[in-house]
Amino acid sequence: MTARRTLIAGNWKMNGLSADGVALASGLADKMKAAGAVDFDMLVCPPAGLISKVVDAVAGSGMHVGGQDCHMNEKGAHTGDTSAALLKDLGCSYAIVGHSERRTDHAETDAIVAAKAAAAQAQGLIAVICIGETEAQRDAGQTLDVNGSQIAGSVPEGSTAANTVIAYEPVWAIGTGRTPTSAEVQEVHAFIRGELAKKIGADEAAKTRILYGGSMNPKNAAELLALADVDGGLIGGASLKVDDFWTVAQSA
Ligand code: PGA
């Protein structure tokens, strides 16, 4: 099997003010420094306004910082948006794109997500491209079809294992405490890798990290992260507490 370095990614969403964000980031940085060499990559994605403070707080720890979204254009008249260039400038190395909350709240289509991913990649950021079926789609037996078409539509030309991470997040598992069974997660991840191979070639697909997201927590992380095609996690709620997130990371 191709070695893929595990990525443990925290998606803080719209949570935390300055003091909370700095305390969380510093607490994790302290754990990383105390641990010395670790065999996983650690990423935190704070709200945009906290990125600078978090970058400062994790300096020297080996932790990575990412944005939760970026605009598809490099600059211009887009009030309220954040460019990939600014994320890079602030010290980010990753950008989440196409999270289901963005797809729903901001009507982001696969084409928009692909353009955002391309914008992130063009700045040298690693795009964490999120996909996943809704509960209605799952109930209708469309899980594989939905994820296949999201891979086809949301992964831009020029994507490689070096500039792309896929996050499989069943929408119905996000923030609900429910997860698919391990067998279901592995089936979908293996399927996604196959669809990715059609898009970027089998060699790159074999090297690309595919994260699981949706109610990953200290209790279920070890089992999910042990699955053959699960190369890390995108963690929301459980990334907001130092001990919980560190326990998840330690499960890798
Ligand atoms: P959750 O969120 O871990 O709180 O379910 C995951 C996500 O939305 O990235």
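Things to note:
- Sparse-neighbour loop sites [trypsin sites (Lys or Arg not before Pro); the stretch 22-98; at most 11 other C-beta within 10 Å; DSSP]: 75
- Solvent-accessible area per residue for the stretch 6-250 (1.4 angstrom probe, square angstrom): 41
- Remark: accessible surface ordering of 209, 102 (largest first) is 102, 209, probe radius 1.4 Å.
- Amide H contacts of residue 232 (H built 1.01 Å from N, under 5 Å, at least 5 apart or other chain): 7, 212
- For the stretch 157-199, the Cβ-based charge dipole about the Cα centre amounts to some 40 debye (Lys, Arg positive; Asp, Glu negative; other atoms uncharged).
- Taking each residue as 0.36 nm, the span from residue 162 to residue 37 lengthens on full extension beyond its C-alpha to C-alpha distance by 42.9 nm.
- For the residue pairs 53/219; 13/219; 116/198; 219/241, alpha carbon separations beyond 25 Å are given by 53/219.
- Accessible surface ranking for 78, 99, 1.4 angstrom probe, highest first: 78, 99.
- Portion, in percent, of the accessible area of the chain that falls on carbon or sulfur, probe 1.4 Å: 52
- Compactness of the chain is given as radius of gyration and Dmax, 16.7, 48 Å, from Cα positions.
- Net dipole in debye of the stretch 6-250 [+1 Lys, Arg Cβ; -1 Asp, Glu Cβ; about Cα centre; nearest 20]: 400
- Of the DSSP H helices in the chain, those whose Cα atoms cover at least 15 Å axially and whose Kyte score averages 1.0 or more: none
The values are calculated or read from the model by the stated rules, or taken from the named source; none is laboratory data. Computed from a predicted model, the values in this text were never measured in an experiment. Glycine also receives a Cβ, built like all others from the backbone with ideal geometry; neighbour counts cover every protein chain displayed. For accessibility, only protein heavy atoms count, side chains too; no ligands or nucleic acids. Shrake-Rupley method; radii C 1.70, N 1.55, O 1.52, S 1.80 Å.
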